[in-house]
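Just so you know, all these numbers are worked out from the coordinates, no wet-lab data involved. This structure is a prediction, so every number in the text was calculated from the model and none was measured. Positions of Cβ are generated from backbone atoms using ideal geometry, with glycine treated the same way; all protein chains shown enter the neighbour counts.
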């Protein structure tokens, strides 16, 4: 038995423990039911639940939730469009999000699935050092998709330099002033 201040009261019957808890207008909570004998604590259970919920909410604030962004390609994508979409993929990966690259085949394009695979393989090759392939290109119905994830280790952040140091450029050394000689 542990009281509300953390002091051990020793082994006692449940009736006596409940009596002490009611005298203090607190709750009797079984902390460890599997221990021999079971461990109970006197506490304000409502306050305990509130503090625990508050800690969980605080921990959630500091979590980064990974979002899956989608970039859609076509099998007849132009080079400029491909580069633009590749840059979107790189930006999403730099922000820490996963990216799903999708190629949707319509009608007769289903006979040209190798073109779609080539586009996705080219994307994998182009972003090899900026992301990792979580799922290789796979076909589901008339869509071909692959999932990319940000690399496990991010590049180290740039060291912070104060603004005063940035604005002050080093000056070249000045020549010494001319000395006058008596005549």
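Observations on the model:
- Using the alpha-carbon positions of segment 2-139, Rg (one decimal) and Dmax (whole number) come out as 29.8, 82 Å.
- Segment 14-60 - Rg (one decimal) and Dmax (whole number), Cα, Å: 13.2, 40
- The alpha carbons of segment 68-149 stretch over 37, 26, 18 Å along the principal axes, in descending order.
- Each peptide among 1-9, 101-109 gets the average number of other Cβ atoms lying within 10 Å of its residues, and from highest to lowest they stand as 101-109, 1-9.
- Normalised contact order of segment 14-60, rounded percent, pairs of Cα under 8 Å and 6 or more residues apart: 26 percent
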